[in-house]
Amino acid sequence: MTTRIAAVRGRRVWDSRALPTIEVEVSLASGALGRAIAPAGASTGSGEAVDLRDGGADFGGRDVRRAVAGIEEVISPALAGMDAADQAAVDETLIELDGTADKSRLGGNALIATSMAAAHAAAAGRGVPLWRHLAGDGEPGGLPLPEIQVLGGGAHAGRRIDIQDFMVIAIGAADYPTALDWTARVYHAAGGLLSEAGLLQGVADEGGFWPAFQSNREALDTLMRAIEAAGLRPGEEVGISLDIAASDFGRAGRYRLGREGKELDSDGLIDMLLGWCADYPVVSIEDPLAEDDIAAMAAFTGAVDAHVQVVADDLVVTDARRIEEAARQGACNAALIKPNQIGTLSEARAASEAARAMDWGRIVSARSGESEDTTIVHIAVGWASPQLKVGSIARSERNAKWNEGLRLCSALPDGAALPPADRFPWGRTASVC
Ligand code: PGA
Ligand code: ZN
């Protein structure tokens with residue numbers, strides 16, 4: 001076996017929010033090496049695998065020395081001698097070693113970094129790129145369509161505006177590099193507009209601008225003007241995508257919009273969002289209601305136009321069973337796939353396959369706390385995910401991912417091609433709202 005694991009090392013490294021995180025290094029007997037770094041969320045779903053932190057005073061209790069010790073003392077001896085190419089066996093071992101339903105003993109962060117590092121090591125041992133290794137017998141197509149943040153809010157920007165992500169999707173772009181070009185133009189235009197208006201406060205956690213808006217509609221208006229100022233046609237070339245992250249400002253049917261001084265019930269929030277869909281070219285909305293408001297999520301999914309993608313993040317937390325359950329209830333029509341929400345690559349893949357089987361859209365996604373790690377780009381390509389979300393097109397922990405996609409353009413069978421428009425809800429109807 002050329003992919004036999006010789007050693008597993010855990011290391012404490014730094015993420016994009018100046019917080020410690022975990023890097024795992026898996027070395028094979030052949031000398032091949034794989035490394036991966038765990039990302040971290042800030043607006044997390046309650047059902048996510050536990051991100052194991054030390055507690056105490058250091059770094060707000062967010063240090064990872066315990067999780068690193070678990071890798072060295074528990075994970076490393078158990079994985080030594082196993083086949084890194086047998087991802088299912090590696091991941092089953094990790095799940096058994098942890099032994100808890102929420103991965104709180106060893107930590108979902110330790111598990112996902114190990115799981116991804118094993119995949120990297122196996123690919124290196126086989127002498128193939130990671131996307132090819134992850135694709136297995138499947139035939140990967142081209143690159144995923146980017147979903148990119150322009151304005152940041154919510155938990156990532158001191159709650160200066162309620163909505164977390166104001167993003168764009170270059171729905172009319174012919175290929176991946178063009179999608180990035182168009183988005184960068186919109187990003188610069190938005191920055192110019194905000195600075196002229198004296199509203200610019202810096203950048204939020206994922207690299208999008210952090211503006212001093214008085215209302216959420218002001219953000220939507222700015223995004224529209226930025227698309228136009230970039231010389232692009234809103235709704236035809238570039239669509240608007242929102243992550244409401246409603247679990248962060250509401251639960252059990254009560255939502256508090258701090259910026260607008262409003263309290264809404266579920267129907268009120270649904271009406272507000274449907275109003276935005278009517279007035280702006282919104283093509284995708286994530287977490288429109290809180291994770292515990294599933295009936296309202298189903299009502300929203302039924303009420304919104306068929307060409308709008310309704311994305312489940314906190315509701316399904318990359319868990320195949322939760323995706324199947326949400327689909328049965330008619331809540332949402334696409335799943336965000338964040339491997340660290342569930343803790344191993346095999347379980348994240350099962351979630352992706354469950355979404356595909358339910359005829360849902362799939363968006364592989366980074367977290368707000370990131371690093372130079374580009375594994376998710378290879379995951380998106382290897383698992384033929386039609387979309388990828390990694391934050392903005394500024395700051396290197398984000399552009400490490402977009403740039404890795406550019407590198408893959410020359411390696412993939414379909415080159416820089418994006419999935420055909422009819423793979424997406426907005427491409428299946430003649431008009432966009
Ligand atoms: P998080 O947010 O990574 O901070 O959880 C991203 C998202 O909600 O999609
Ligand atoms: Zn989200």
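All of the numbers you see were taken from the coordinates with simple rules; none came from a lab. This structure is a prediction, so every number in the text was calculated from the model and none was measured. Glycine gets a Cβ as well: all are built from the backbone with ideal geometry, and neighbour counts include every protein chain shown.
Numbers below:
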quantity: Taking all pairs of distinct alpha-carbon atoms in the chain, Kirkwood radius in angstrom; calculated: 21.7 Å
quantity: For the chain, built as a Gaussian network whose Cα springs stay under 10 Å, the top-fluctuating residue of 341, 87, 214; calculated: 214
quantity: Lysines with Cα under 21 Å of residue 401, excluding same-chain neighbours fewer than 8 positions away; calculated: 338, 389
quantity: Extended-chain gain in nm, criterion 0.36 nm per residue less alpha-carbon gap, residue 42 and residue 278; calculated: 81.9 nm
quantity: Net length gained if the chain between residue 102 and residue 325 were fully extended (0.36 nm per residue, minus Cα distance); calculated: 78.4 nm
quantity: Distance between modelled label sites at residue 215 and residue 252, nm, 7 Å Cα→Cβ extension; calculated: 3.1 nm
quantity: Gyration tensor verdict on the range 104-164 (Cα atoms; rounded if a/c is under 1.5, prolate if a/b is larger than b/c, oblate otherwise); calculated: oblate
quantity: Pairwise FRET efficiency - residue 403 versus residue 74, Cβ, R0 = 45 Å, nearest 0.05; calculated: 0.80
quantity: Cα gyration tensor shape of the range 96-228, rounded if a/c is under 1.5, else prolate or oblate by comparing a/b with b/c; calculated: oblate
quantity: Among 274-284, 237-247, 166-176, the order from most to least packed when residues are scored by Cβ within 10 Å on average; calculated: 237-247, 166-176, 274-284
quantity: 17 Å Cα-Cα reach of residue 262 towards aspartates and glutamates, excluding residues that sit fewer than 8 places from it in its own chain; calculated: 162, 218, 248, 271
quantity: Gained length - residue 260 relative to residue 423, 0.36 nm times residue gap less alpha-carbon distance; calculated: 55.0 nm
